[in-house]
Amino acid sequence: MFEKLKSGLENFFDKISKTELNEKSIDSLIEDLKLILIQNDVAFTVAENICDQLREQLNALEVKRFGDHLTEAKTILRDILQKTLVDNGKENLFDIIKRKQEKKEPAIIVFIGINGTGKTTTIAKLAHLLIKKGFTTILACSDTYRTGSIEQIEEHARRLGVKTIKHSYGSDAAAVAYDTINYAKAHGTDSVLIDTAGRMQTNRNLIDEMKKIIRIAKPDLTLLVIDALTGNDAAEQAAIFSKAVSVDGIILTKLDADAKGGSAISVSSITGKQVLFMGIGQEYDDLLPFDPNFILNRILGE
C-alpha cells in the first residue's frame, strides 16, 4: 500500500540528509518533491500547496542553522500532510444516526459515484458496520439502470440479514428511495442506505436522476464513493460531483491495492470535504473510519 509514494519520499529525505540547506538547494529539493507527489497521483494544485508550505518552512530552518534538519523536515512535512488530510468539519455518521433516533426518524444516507468504484459493495460493508454498532438498516435498490445491480445488492442483504426495497429495472429510482424511507419510518429502522446508478460525470440524464433522488430523499448524508486507483481522476470526479450536488463526505475504496496514495491526499483538499471511510479489502470488515495516521504512517513511517 502506497509503496511508490513511500519510496519517493524516502529518496527525497535521503537528499535532504546529504544537502546543505540554502535557498538554491531548497528550491531544487522542492521541485523534486513536487514531481514525486504529482507522479503519485497528488493533484497538481495540492502538490503545489504542499511544496509552497514546505519551502517556506525549510527556508526558516536554513536561517536558524541549527538542529537536525532531516528530522525537522520530516516533522514539518508530516504536519503539512496531516492538515491537508484533516477537516475539522468532519461528520460523524454514528452521531447523526443517534440524533435521528432521538427524533424517532431514520438517518438517510445516499451513495453516489461512477461505475466500478465498489459503491454497492461499500454500501454492504457500511450496513455490516452499522449492524455491529447495534443499529438497524434497510437498503434501497435505487440503481434501476445497471443490469444486475438489484440482484447484487439483494445478495449482500441476504448475507447480512437486512431488508431491501426494490422496483423493476427502468423504474423511477427516486420512487424506490421514497418507498424505502417510508418503510423505515413505519418500522422504526435506524438508517436507510440508498444505492444509486453509477454514472459518468458527463451523463446529463443520470446526473439529473441523482439530483431527483437527493431532492426526494432529503438525505442526512450524501457520500461520494471514489476508487483510489483512478489516480488524478479521483480528484476530478470529486470536484465534478461536488458541483452537481452537495457532497457531505467521501469514501475511498481499494486503498489496499493503491501503490501510489496521492488520491487519499488530494480529494479532501480539492472538495473541502472529509474522507469519512476507507475500503482496505474485499471482506465486510474491510471498511474503516478514515484515519489520517493510517495514511501518514504508511508513507512516512511511524
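Of the residues that make up the range 52-61, is at least one without any contact (Cβ under 8 Å) to a residue 40 or more places away in the chain and in a loop (DSSP other than H, G, I, E, B)? No, the range 52-61 has no match at all.
Has the range 38-53 got any residue that is of a type in the set (S, T, N, Q), farther than 24 Å from residue 267 by Cβ and surrounded by fewer than 17 Cβ atoms within 10 Å (Cβ to Cβ)? No: the range 38-53 contains no residue that is of a type in the set (S, T, N, Q), farther than 24 Å from residue 267 by Cβ and surrounded by fewer than 17 Cβ atoms within 10 Å (Cβ to Cβ).
The rows are residues; the columns are (1) in contact with a Lys or Arg (Cβ under 8 Å, 6 or more places away or on another chain); (2) modelled with pLDDT under 85; (3) of a type outside the set (Lys, Arg).
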position	(1), (2), (3)
195	yes, no, yes
208	no, yes, yes
216	no, no, yes
219	no, no, yes
278	no, no, yes
294	no, yes, yes
302	no, yes, yes
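Is it the case, given these coordinates, that residue 52 is farther than 26 Å from residue 239 by Cα, modelled with pLDDT of 90 or more and of a type in the set (D, E, K, R)? Against the criterion (farther than 26 Å from residue 239 by Cα, modelled with pLDDT of 90 or more and of a type in the set (D, E, K, R)), residue 52 does not qualify. Exactly one residue out of 153, 114 is assigned by TED's automatic domain parsing to the domain that holds residue 241, touching a helix residue (DSSP H, G or I) at 6+ places or on another chain (Cβ under 6 Å), within 30 Å of residue 228 (Cβ to Cβ) and of a type in the set (A, V, I, L, M, F, W, C): that is 153. Being within 23 Å of residue 226 (Cα to Cα), in the same structural domain as residue 205 (by TED's automatic domain parsing) and small (Gly, Ala, Ser), is that true of even one residue in the range 130-144? Scanning the range 130-144, I find at least one residue that is within 23 Å of residue 226 (Cα to Cα), in the same structural domain as residue 205 (by TED's automatic domain parsing) and small (Gly, Ala, Ser), so the answer is yes.
The values are calculated or read from the model by the stated rules, or taken from the named source; none is laboratory data. Everything numeric in this text was worked out from a predicted model, so none of it was measured. Counting neighbours? That spans all protein chains shown, and the Cβs are built from the backbone with ideal geometry, glycine included.
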